[in-house]
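Engineer: Structure incoming, see below.
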Amino acid sequence: MNDMRIVERKVDTNEVKIAAKDVQVYYGDNHAIKDVSVEIEDKTVTAFIGPSGCGKSTFLRCINRMNDTIDVCRVVGDIMIDGEDIYDPKVDPVQLRAKVGMVFQKPNPFPKSIYDNVAYGPKIHGLAKNKADLDNIVENALRRGAIWDEVKDRLHAPGTGLSGGQQQRLCIARAIATEPEVLLMDEPCSALDPIATAQVEELIDDLRKSYSVVIVTHSMQQAARVSQKTAFFHLGHLVEYGETTTIFTNPVDPRTESYITGRIG
Amino acid sequence: MHDKHIASAFDRDLEAIQAQIMKMGGLVENAILEAAISLETRDEERAEAVRVADKAIDALEETINEEAARVIALRAPAAIDLRVVLSVIKVSANLERIGDYAKNLAKRTGVLSQMEPVNGSAGALRRMAKEVEGMLKDALDAYVARDAELAQDVIDRDIQVDQMYNALFREFLTFMMEDPSNITACMHLHFIAKNIERMGDHVTSIAEQVVYLVTGAIPDEARAKGDKTSLPS
């Protein structure tokens, strides 16, 4: 029977990219993430869902050590990417963040030209040998960000002059210009209209071929549309993690069911 | 049962749509019994009432389908809510088919009451119809109570209806061989028996929807098949 199913959600690999084990996060006395263990696969879109304050964004930020910038924040437990502990003192967080790109809720292009927005990362990480090489990297990133055709004639116009949806795709292009292996997205579409959202979702599906994408979203429909795996967080716990199809048709945990059917906030 | 939705209008929609199913189920139960009684008592007026009442059943099915489509479009139901919506569509389709069979039974009553009664058959058909009606009642009760066990019990009982049909099939065959002048009446009676047997299958399908609604999985098709008339003897 299996071959008769509509298998659009086929995942090419089952390799684990990010492995978290017994992760605890504290903001001062506040225990924000409790005993989270999860294995996130490569070349897969994983959605984190859950009500506000459930810890999904906090956990996402642990994956590229964005929480390091918050003084009172303390992370305990192991997070490994390709088997390497990212909280090892020898790991340079700046290098880590080149490998683990991030896209935020509000499009936040630098107040620079479109070109410089994308070129910035490759430049500081020394990824381009010369100007022609850099041009190539920028073009490729903008193409992969599905925005090249819209901006190719005005690469030196300010990035902030683009529409919201274009700015967000520019930010995605900027995030992938450094050739990351993991792309973290914290509500990347919440400030976008439905057309721009659809374009970004299409892009996410395309990026899945190369990266492990983790997306935090408040839109359950979006999680259902774009992801292959879904993790449901509630009150700092990872309640359920599994195939997106299962989570949305027949979840195991009653809390997951209550949340996705709109019964608990 | 589940908690209420945060959006209370969603609960009202789902409740309203399930209330329609119950209303439709009541009409269909009544149609089965009335059709069978009209056959046994050769009451053409009563049979006519069953035929007329089928229109209301058909109209309800249409309403339920429209409401279900509206809920899907506007509320994007997931998990248990999605199963509720999918199940009402299927249950209403099954009820509509049962209603059609009852109507057909009532139509044949008109023809049969012009003929000589065939020894004891109308009583046997009424008992068979009563059995199916009882199964339907339990299936609908199981639906309301989200009772997968009761639904499974209904599924298991279908074999009795199948056996009743087998017995009647053989009986009609014998009557026809004994006296060819019985053939017309017996053909009608056989179609009635077959239709009641099919009603049982639709009730079984409703019970399977209850199991699906509660567990998220359709029960296996492994149940025993009682209708053996299609097998070589």
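Engineer: Looking at the stretch A:176-195, which of its residues are part of a helix (DSSP H, G or I) and open to solvent by less than 10 Å² (accessible area, probe 1.4 Å)?
Structural biologist: A:ILE176 - this is the single residue of the stretch A:176-195 that is part of a helix (DSSP H, G or I) and open to solvent by less than 10 Å² (accessible area, probe 1.4 Å).
Engineer: Hey, another quick one. Taking A:VAL138 as meeting all but one of (1) outside any helix (DSSP H, G or I); (2) within 20 Å of A:ALA98 (Cβ to Cβ); (3) under 24 Å from the mean Cα position of the chain (by Cα), write down the number of the exception.
Structural biologist: (1)
Engineer: Sticking with this one: Can you name every residue in the stretch A:15-42 that is under 16 Å from A:VAL214 (Cβ atoms), outside any strand (DSSP E or B) and open to solvent by 60 Å² or more (accessible area, probe 1.4 Å)?
Structural biologist: A:GLU15
Engineer: Also, quick follow-up: What is the number of the single condition among (1) within 22 Å of A:SER163 (Cα to Cα); (2) without any contact (Cβ under 8 Å) to a residue 60 or more places away in the chain; (3) away from every other protein chain (no Cβ under 11 Å); (4) open to solvent by 10 Å² or more (accessible area, probe 1.4 Å) that A:VAL200 does not meet?
Structural biologist: (4)
Engineer: Still on this model: Within the stretch B:57-77, which residues are more than 13 Å from B:MET24 (Cα to Cα) and open to solvent by 10 Å² or more (accessible area, probe 1.4 Å)?
Structural biologist: B:GLU66, B:GLU67, B:ALA69, B:ARG70, B:ILE72, B:ALA73, B:LEU74, B:ARG75, B:ALA76, B:PRO77, listed by residue number.
Engineer: Still on this structure, please answer the following. Inspect the stretch A:104-117 for any residue being aliphatic (A, V, I, L, M) and under 19 Å from the mean Cα position of the chain (by Cα) and give the result as yes or no.
Structural biologist: no
Engineer: Would the stretch A:39-55 turn up any residue that is in contact with a His (Cβ under 6 Å, 6 or more places away or on another chain), touching a residue at least 24 places away in the same chain (Cβ under 8 Å) and of a type in the set (Gly, Ala, Ser)?
Structural biologist: Yes; the residues of the stretch A:39-55 include at least one that is in contact with a His (Cβ under 6 Å, 6 or more places away or on another chain), touching a residue at least 24 places away in the same chain (Cβ under 8 Å) and of a type in the set (Gly, Ala, Ser).
Engineer: Counting only residues that are part of a strand (DSSP E or B) and of a type in the set (A, V, I, L, M), which one in the stretch A:228-254 is farthest from the other protein chains (Cβ to nearest Cβ)?
Structural biologist: By that ranking, first place goes to A:LEU238.
Engineer: Which of the residues belonging to the stretch B:154-168 are under 15 Å from B:ARG127 (Cα atoms) and either buried (at least 17 other Cβ atoms within 10 Å of the Cβ) or among the charged types (D, E, K, R) (or both)?
Structural biologist: B:ARG157, B:ASP158, B:VAL161, B:ASP162, B:MET164, B:TYR165, B:LEU168
Engineer: What are the residues in the stretch A:213-223 that are at the interface with another protein chain (Cβ under 8 Å from one of its Cβ atoms) and in contact (Cβ under 8 Å) with a residue 40 or more places away in the chain, if any?
Structural biologist: The answer is A:MET220, and nothing else.
The values are calculated or read from the model by the stated rules, or taken from the named source; none is laboratory data. Since the structure is predicted, the reported quantities are computational estimates derived from the model, not experimental observations. When we count neighbours, we look across all protein chains shown, and the Cβ atoms used for this are built from the backbone with ideal geometry, even at glycine. Only protein heavy atoms, including side chains, enter the accessible area calculation; ligands, DNA and RNA are left aside. Shrake-Rupley method; radii C 1.70, N 1.55, O 1.52, S 1.80 Å.
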